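The values are calculated or read from the model by the stated rules, or taken from the named source; none is laboratory data. Please read these numbers as outputs of a predicted model, since none were measured by experiment. All Cβ positions, glycine included, derive from the backbone under ideal geometry; neighbour counts span all protein chains shown. Note: areas computed on protein heavy atoms with side chains; ligands, DNA, RNA excluded. Shrake-Rupley method; radii C 1.70, N 1.55, O 1.52, S 1.80 Å.
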Amino acid sequence: MNVFVVNCGSSSLKYQLIDSETEQVIAKGLCERIGIDGRLTHKPNGGEEFIREDAMPNHSQAVAYVLEALTDEKHGVISSLSEIDAVGHRVVHGGEKFANSVVITDEVITAIEECNDLAPLHNPANLIGISACKALMPGVPMTAVFDTAFHQTMPEKAYMYGTPYEYYKDYKVRKYGFHGTSHRFVSGRLLELIDKTETESKVIICHLGNGSSITAVKDGRSVDTSMGFTPLDGLIMGTRSGSIDPAVVQFLSEKLNCGIDEVINILNKKSGVEGISGVSSDFRDLDAASIEGNERASLALDMFAYRAAQVIGSFTASMNGVDAIAFTAGIGENNFKIRKEICEYLGYLGVILDEKKNAVRGEEIKISTDDSKVTVYVIPTNEELAIARETVALLQ
Ligand code: ADP
């Protein structure tokens, strides 16, 4: 089965065409600057990269260019659109309505629309992607795979906030959590690796990328996670502040003489390790600056690792123990210094890192020693493959 996996952002569209039997990527690519000018980068597996700069006034046009590229005589990988058997859409917010992936129907679209105010930047873009694909590939089954769904198993005591109960009842103000597709994929793999798929288990997944979150997974189910009502909460990230005292918002709004919207924008886009260091949101730049003696870059890196270790500690308490920890995503898979720094805080749990094995980038490997009380792995995430697998499972 060929599954077309679509991840629509407000001005971008990432895609992969995946052969579900071999789990190979047949082609992948990215449309950028949708609504501004438009640029498609298309990469067939084993073939040459193809770039098309052409007006993309909307996502429908972007999808049309992608489908043209996929079926193009020179750069294409399929001879006609009939070779696309299904479309799997990444959808950011499923609210409390979706605890699992679903086949898209008109009712599902309405229910996703009802979650729009919970993710006003993301869900409308995801819906545009769905309607663009529906128009250009009528009759092809489509699925929605939600970032929030995996976390719907959190117990009430974990997802409720200490705010008046009626705000939960009336407005659904609560912790939702994100990166669920990645946390589900990596925790599933970790349980296979430690041979605990069928038994009681307590694991912690650290998805550390531009956006970062950590999830506690007990017996295969998410029981707590560091992101909250929005992806702004929890860890310090590339440009996001993570958790702060909410009173800072009002205080800054007065000091900066701006609205709360602007303060939230600062917390989302100008904070995190970039805001702290004044150097970059990219950990490679921070590592380089830190080596050159930039103290604020070193501080940003220390703060990142410290906060991550705090969250791991708190989730260990939540689950009353931890069998294994996995690192994933850009930083988790590649940055061995950060992994080492985080694991050093976890010595009290009996974590012992094998420094030689930890010196890897981007491959699946156990990085703790055999006598470490907690097993630690690096497991590359693959959200697109996870979406393709979910799609196939739903349609079969
Ligand atoms: P996003 O959340 O945007 O998907 P990523 O998971 O790609 O982000 O993570 C981006 C971060 O991962 C950057 O800070 C970058 O430094 C780090 N990173 C990504 N690839 C590498 C690499 N090959 N080597 C070192 N660091 C990397």
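One table, with the values for the structure above:
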| quantity | calculated |
| --- | --- |
| Checking Asn210 against (1) of a type outside the set (Ser, Thr, Tyr); (2) surrounded by fewer than 22 Cβ atoms within 10 Å (Cβ to Cβ); (3) under 15 Å from the mean Cα position of the chain (by Cα); (4) modelled with pLDDT of 95 or more, the condition it does not meet | (4) |
| Matching option when the condition is among the basic types (Lys, Arg) and open to solvent by less than 40 Å² (accessible area, probe 1.4 Å), among Arg90, Arg174 | Arg174 |
| In region 256-275, residue farthest from the ligand (Cβ to nearest atom) [restricted to those that are modelled with pLDDT of 95 or more and closer than 25 Å to Glu295 by Cβ] | Ile266 |
| Subset of region 148-183 (residues that are closer than 14 Å to Ile387 by Cβ and in contact with a strand residue (DSSP E or B) (Cβ under 7 Å, 6 or more places away or on another chain)) | Phe150, His179, Gly180, Thr181, Ser182, His183 |
| Every pair of residues 6+ apart whose Cβ atoms lie under 9 Å, when the first sits in region 342-366 and is closer than 22 Å to Asn382 by Cα and of a type outside the set (Val, Ile, Thr) while the second is part of a helix (DSSP H, G or I) and more than 16 Å from the ligand (Cβ to nearest atom) | Asn358/Cys343; Glu364/Arg189; Glu364/Leu193; Lys366/Leu193; Lys366/Lys357 |
| Breaking point among (1) within 16 Å of the ligand (Cβ to nearest atom); (2) surrounded by 17 or more Cβ atoms within 10 Å (Cβ to Cβ), for Leu121 | (2) |
| Condition check for Gly362: in a helix (DSSP H, G or I), open to solvent by 10 Å² or more (accessible area, probe 1.4 Å), small (Gly, Ala, Ser) and within 15 Å of the ligand (Cβ to nearest atom) | no |
| Checking Val322 against (1) at pLDDT 95 or above; (2) within 16 Å of the ligand (Cβ to nearest atom), the condition it does not meet | (2) |
| Any chance Cys31 is free of Cβ contacts under 8 Å to residues at least 60 places away in the same chain, surrounded by 13 or more Cβ atoms within 10 Å (Cβ to Cβ) and under 28 Å from His93 (Cα atoms) | yes |
| Filtered residue count, region 325-347, keeping only those that are away from the ligand (no atom under 15 Å from the Cβ), crowded, with 18+ Cβ neighbours inside 10 Å and in a helix (DSSP H, G or I) | 2 |
| Test result for Gly278, open to solvent by less than 50 Å² (accessible area, probe 1.4 Å) and either more than 19 Å from the chain's Cα centre (by Cα) or within 13 Å of the ligand (Cβ to nearest atom) (or both) | no |
| So Asp370, is it open to solvent by less than 70 Å² (accessible area, probe 1.4 Å), away from the ligand (no atom under 16 Å from the Cβ), more than 18 Å from Gly321 (Cα to Cα) and among the charged types (D, E, K, R) | no |
| Residue in region 145-166 that is of a type in the set (S, T, N, Q), open to solvent by less than 10 Å² (accessible area, probe 1.4 Å) and farther than 17 Å from Tyr15 by Cα present | yes |
| Qualifying residue in region 308-319 (condition: in contact with a helix residue (DSSP H, G or I) (Cβ under 8 Å, 6 or more places away or on another chain) and within 16 Å of the ligand (Cβ to nearest atom)) | yes |
| In region 135-144, the residues that are touching a residue at least 12 places away in the same chain (Cβ under 8 Å) and either among the aliphatic types (A, V, I, L, M) or open to solvent by 20 Å² or more (accessible area, probe 1.4 Å) (or both) | Ala135, Leu136, Met137, Val140, Pro141, Met142, Ala144 |
